[in-house]
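No lab work stands behind these numbers, since they all come straight from the coordinates. Just so you know, these numbers come straight off a predicted model, no measurement behind them. In this analysis, Cβ positions are derived from the backbone assuming ideal geometry, glycine residues included, and neighbour counts consider all displayed protein chains.
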C-alpha cells in the first residue's frame, strides 16, 4: 500500500513523503500516522543534503556517508532525527515497523521552499 504524507510549514516550505507498506491497516494506525508526520517535519527542518526538488528524489545519487553514495531516500535514513539526535531516521522507522509487525519504507520524497528574495 502506498501512502503520501504532506506537510506545510508557514506557507514557505512544503514536503511530500511517499511510504510503502504491505497492509492497509498499518496506514490507519496512530503509530504510523505519527511516524509519517514526524518524517515529513524532519525533511522540512533538516533539508537533506544533495536533494534536487525538481527531480524524482528516490533515484538521485547523493553523497550521504564519507566515500559512499546512494539515493536521497537512503541518505534520509542515515540522518539524525531532529526531535532526538541520538536516533537515526532509519532506526525510527525500524522501531515503528517492529511495533506494528509490518515493514514500512520511505520510497521517495520532495521538499519545496519559497526563498526570500
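To the nearest 0.05, how large is the calculated FRET efficiency for residue 87 and residue 24 if R₀ is 22 Å and r is the Cβ-Cβ distance?
After rounding to 0.05, the efficiency reads 0.20.
Quote the FRET efficiency, to the nearest 0.05, computed for residue 99 versus residue 4 with a Förster distance R0 of 22 Å and r equal to the Cβ-Cβ distance.
0.50
Please compute the modelled spin-label separation between residue 45 and residue 12, points set 7 Å along Cα→Cβ, answer in nm with one decimal.
1.6
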